[in-house]
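**Student:** I am attaching a structure below and will ask some questions about it afterwards.
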Amino acid sequence: MAVNSTLKRRSRIFFRKSAEYVGKNILGDLIVVRRNKKLLAGKIVETESYLGIKDDASHSFQGKVTPRNKITYGDGGFIYVYLIYGKYWCFNIVVSKENDPQTVFIRAIEPLEGINVMRKRRGTDDIHKLTNGPCRWTQSFGIDRSFFGKDITLNTILIVPQKHKNFEIVQTKRVGVDYARNAKNWPLRFYVKDSLFISKR
DNA sequence: GTACAGATTGAG
DNA sequence: TCAATCTGTACT
């Protein structure tokens, strides 16, 4: 995979679908980041969907708007990153259409290219600990506030669709949202069955 | 201006 | 099991 090549990628039309649809259908796809002549790539193996206004685990529950989450009310296909615990970056793709603030949270990746860069950034050689968590893979891929608002259909960061997906999808409740009253048990976490690269629990 | 929670991680 | 670490948000 060359740094400057044109890659087939998921389009605006795809990201205007629902969070459940996108969350399930990007499993097995590749995520590619190309910056500073470096190419990093991996297979998406775990996602969660957040349904927005009706979802009390979502940052935009009941139509709440803040400077931080405003972008989730915009068009699908843009990136929403936020800092958590003062040190980690969480990565989301805004999906659906304007004024419907649904998001897809990417929780884990299987590393494919740029593995030595990832090892250096993470400070470990263990390939299973580079990208098996929502803030671990962002660290490996160098995702930070500079990605906020980026268009995921352009060239810096993009999703490459894969045709042949020979795996089963496991669907469970989401991680770390027990504070949600109604939505905490909604089955909106999706992962590739038997993948060695999903987050623990 | 102050207070405080947090879609996690890593050490113990 | 539990503290790190600091921004965004809500409050005075």
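**Student:** Is there a residue being within 18 Å of A:Asp29 (Cβ to Cβ), in a helix (DSSP H, G or I) and not small (Gly, Ala, Ser) anywhere in region A:121-136?
**Tutor:** Within region A:121-136 (the criterion being within 18 Å of A:Asp29 (Cβ to Cβ), in a helix (DSSP H, G or I) and not small (Gly, Ala, Ser)), the answer is yes, since at least one residue qualifies.
**Student:** When you scan region A:46-53, do you find a residue that is more than 10 Å from DNA strand B (Cβ to nearest atom), on the phi < 0 side of the Ramachandran plot, of a type in the set (S, T, N, Q) and touching a residue at least 60 places away in the same chain (Cβ under 8 Å), even just one?
**Tutor:** No, region A:46-53 has no match at all.
**Student:** Right, next: Just one of (1) over 21 Å from A:Gly63 (Cβ atoms); (2) buried (at least 23 other Cβ atoms within 10 Å of the Cβ); (3) within 11 Å of DNA strand B (Cβ to nearest atom) trips up A:Met118, so point out which.
**Tutor:** (3)
**Student:** Would you say A:Asp194 is in a loop (DSSP other than H, G, I, E, B), of a type in the set (Asp, Glu), near DNA strand B (Cβ under 10 Å from one of its atoms) and out of contact with any Cys (no Cβ under 8 Å at 6 or more places or on another chain)?
**Tutor:** no
**Student:** With respect to A:Asp100, is the statement that it is assigned to a loop (DSSP other than H, G, I, E, B), within 20 Å of A:Ile13 (Cβ to Cβ) and acidic (Asp, Glu) true?
**Tutor:** yes
**Student:** Which one is farthest from A:Trp137 (Cα to Cα), of the residues in region A:43-85 that are of a type in the set (S, T, N, Q) and part of a strand (DSSP E or B)?
**Tutor:** A:Ser49
**Student:** Of the residues that make up region A:54-64, is at least one surrounded by fewer than 23 Cβ atoms within 10 Å (Cβ to Cβ) and away from DNA strand C (no atom under 16 Å from the Cβ)?
**Tutor:** Yes, because at least one residue in region A:54-64 is surrounded by fewer than 23 Cβ atoms within 10 Å (Cβ to Cβ) and away from DNA strand C (no atom under 16 Å from the Cβ).
**Student:** OK, next. Restricting attention to region A:130-154, which residues are over 15 Å from A:Leu196 (Cα atoms) and without any contact (Cβ under 8 Å) to a residue 60 or more places away in the chain?
**Tutor:** The answer is A:Cys135, A:Thr138, A:Gln139, A:Ser146, A:Leu154.
**Student:** Go over the candidates A:Thr156, A:Thr131, A:Thr124 one by one and state the one that is crowded, with 20+ Cβ neighbours inside 10 Å and either at pLDDT 95 or above or farther than 23 Å from A:Ala57 by Cα (or both).
**Tutor:** Only one candidate qualifies: A:Thr131.
**Student:** Are there any pairs, at least 6 apart or on different chains, whose C-beta atoms fall under 7 Å, with the first in region A:88-101 and of a type in the set (Gly, Ala, Ser) and the second at pLDDT 95 or above, and if so, which?
**Tutor:** Going by the 7 Å Cβ cut-off, the qualifying pairs are A:Ser96/A:Arg16; A:Ser96/A:Ser18; A:Ser96/A:Ala19; A:Ser96/A:Gly76; A:Ser96/A:Gln102.
**Student:** Evaluate the following for A:Ile106: is it under 22 Å from A:Lys165 (Cβ atoms), in contact (Cβ under 8 Å) with a residue 60 or more places away in the chain and either surrounded by 15 or more Cβ atoms within 10 Å (Cβ to Cβ) or in contact with a helix residue (DSSP H, G or I) (Cβ under 9 Å, 6 or more places away or on another chain) (or both)?
**Tutor:** Answer is yes for this residue.
The values are calculated or read from the model by the stated rules, or taken from the named source; none is laboratory data. Since this is a predicted model, take the numbers as computed values, not measurements. When we count neighbours, we look across all protein chains shown, and the Cβ atoms used for this are built from the backbone with ideal geometry, even at glycine.
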